[in-house]
Amino acid sequence: MCQVEEEYHGPLLREELPRQCVKCKEASAAVVIRAGDAYCRGCFKEYFIHKFRAMLGKNRLIFPGEKVLLAVSGGPSSCSMLSQVQEGLSQNAHKKLRFLPGIVYIDEGGAVGQSVEHRQRTVEELRAVFRATGFPFLMVPLEQVLDLPSSVVLSAPGAPEQEAGAYKAAVDHFLLSDGSSGVTAGQQQETPPPEVQEAHTHSLQRLLGSARTLTAREELLNILRQHLLVHTARSAGYSKVMLGDSCTRLAVKLLSSISLGRGAQLAHDTGFSDSRYGDTILVRPMRDYSAKEIAYYNRMFSVPSVFTAGLDTKTADKSSIQHLTESFVIKLQANFPSTVSTIYRTSEKLQSCKGSASAGRDRCLLCVCALDTAAENASAFSATLISEQLSQTKSPEESRQAPEWTAPASQCCSIVRGELCGNRGRGCCSSAKASEPPPLRSLLCYSCQLTIKDMSSEEVLPQYILSEAETRLRRSQLREEIRDFLLEDEADEG
Ligand SMILES: [Zn+2]
Ligand SMILES: [Zn+2]
């Protein structure tokens, strides 16, 4: 998690630093971002601030007066994002940001086995940072994920697609009506963070501990964190959540997502905006900044950040796919400086398949993306399925030796017609059913299936996921039962 950010603590002033700023051509250079781009302190600040505003302005997604929740982990990138929002709100009326920010911090200390005292210390440090901004903030322990309602894994209907002129009209209206006076950061409430019960921490640890690989554990943690963020935003009335992913982080995420079989979800996972939850949109305004730029800026302008350990802190490079990809990208970047931006530019071009494929279709129970498991035969998913089926097929020798009771007669296919097929389950349709994947997996996308496969038990999943799974399975079972009485939709369309 943190290696990306830690990498750039080298000296700001290098020996080969050009003497003059390329922008103002007057002041002496203080920072080199890319080869040839040397900026003085003032121009660097201007460039950095402009980039944030430009990213929001270009995408025109955040409307004036809208409540936006900033997800701050304490790391350099999300803390830098927080300082950019502060900066934007303090600017003069013309350049001012016009949304209403709030902050959320998810305390993951329980997941990484930190002591209560350690967690309290981190929370206190961050509380001081947040208090100084004057924005309302929430400190949420990750344990709360265990109490979420099932609605969090449903994609709620979002606001209707805004027309092209809607953004400009909203800005004009806003300027006419209350100008700058209407925008205040809101009351800063000091709600004490909820008590974390030891039993909850244990359940959380058992859940993450059931993943046999660090790769699966990190995927699980990402999913749980995102569910909690979305739920927190929904219940506090925020319609956007800002994430602090830098371009370096997104390059790593892009490559590791491909390795994890999340190709179909790449646009959601790495794009500027992510609308998989419908009513709550995730946005990534820091995606144009490299970890290096952020580190320089934070150091030069004293942006505070607080170190928090992740699951892969102090683990070997090969401990997980995500960690290995990270160290690969960073090493590559050191020798070939345009690596990160090249990968990142790719992510900009990606689009999720829109329309019927994602709108009406079922969504993955865990990552809430459209299911990719109905894809064409050439997908990695179907290849995995085939090899799985082949490895489970018994040789004729084995099936002859199989004891009679392997399939009870009552499960035999022919019982429906009032007689047994005589195979007693061997080689008849019901034995084929027995080798199908367990039901819960049928509700997941390819990548999340792999994650669940790495878990020793599905039972330890939080209740909101299990009960939603039950609802969906019951629904599809019902659909199956009455299928013969339904008019075929597809036949109509054809
Ligand atoms: Zn300058
Ligand atoms: Zn999924």
Problem set entry | Extended-chain gain in nm, criterion 0.36 nm per residue less alpha-carbon gap, Glu458 and Ala54 | 141.0 nm
Problem set entry | Residues of the range 124-153 with amide N under 19 Å of the 7 Å Cα→Cβ point at Glu470 | 146-153
Problem set entry | Estimated FRET transfer efficiency (Ser151, Leu61; beta-carbon r; R0 22 Å; 0.05) | 0.40
Exercise. Measuring from label point to label point, each 7 Å out along Cα→Cβ, what is the Lys95 to Lys318 span in nm?
Worked result: 5.1
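Taking the beta-carbon count within 10 Å as an exposure proxy, list Val252, Val129 from fewest neighbours to most.
Details: Val252 26, Val129 20.
In order of increasing Cβ crowding within 10 Å: Val129, Val252.
Given a Förster distance of 35 angstrom, what is the FRET efficiency for Lys25 paired with Gln120, based on the Cβ-Cβ distance and rounded to 0.05?
For Lys25 and Gln120, the calculated efficiency is 0.10.
If you count, for each residue, the other Cβ atoms within 10 Å and average over each peptide, how do 212-224, 327-339 line up from highest to lowest? All intermediate terms of the calculation are to be shown ahead of the outcome.
Numbers: 212-224: 20.6, 327-339: 14.9.
Most protected by this proxy first, the peptides run 212-224, 327-339.
What whole-number volume per residue, in cubic angstrom, does the convex hull of the C-alpha atoms of the range 185-340 give?
Values: hull volume 25.3 nm³, N = 156.
It is 162 Å³ per residue.
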Problem set entry | Residue pairs, from the table Lys58/Lys314; Lys67/Lys253; Lys51/Lys331; Lys45/Lys314, whose Cα atoms sit over 30 Å apart | Lys58/Lys314; Lys45/Lys314
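Every number here is computed from the coordinates shown, using simple stated rules; none is lab data. Nothing here was measured: the structure is a model prediction, and the numbers come from that model. All Cβ positions, even for glycine, are placed from backbone atoms using ideal geometry, and neighbour counts span all protein chains on display.
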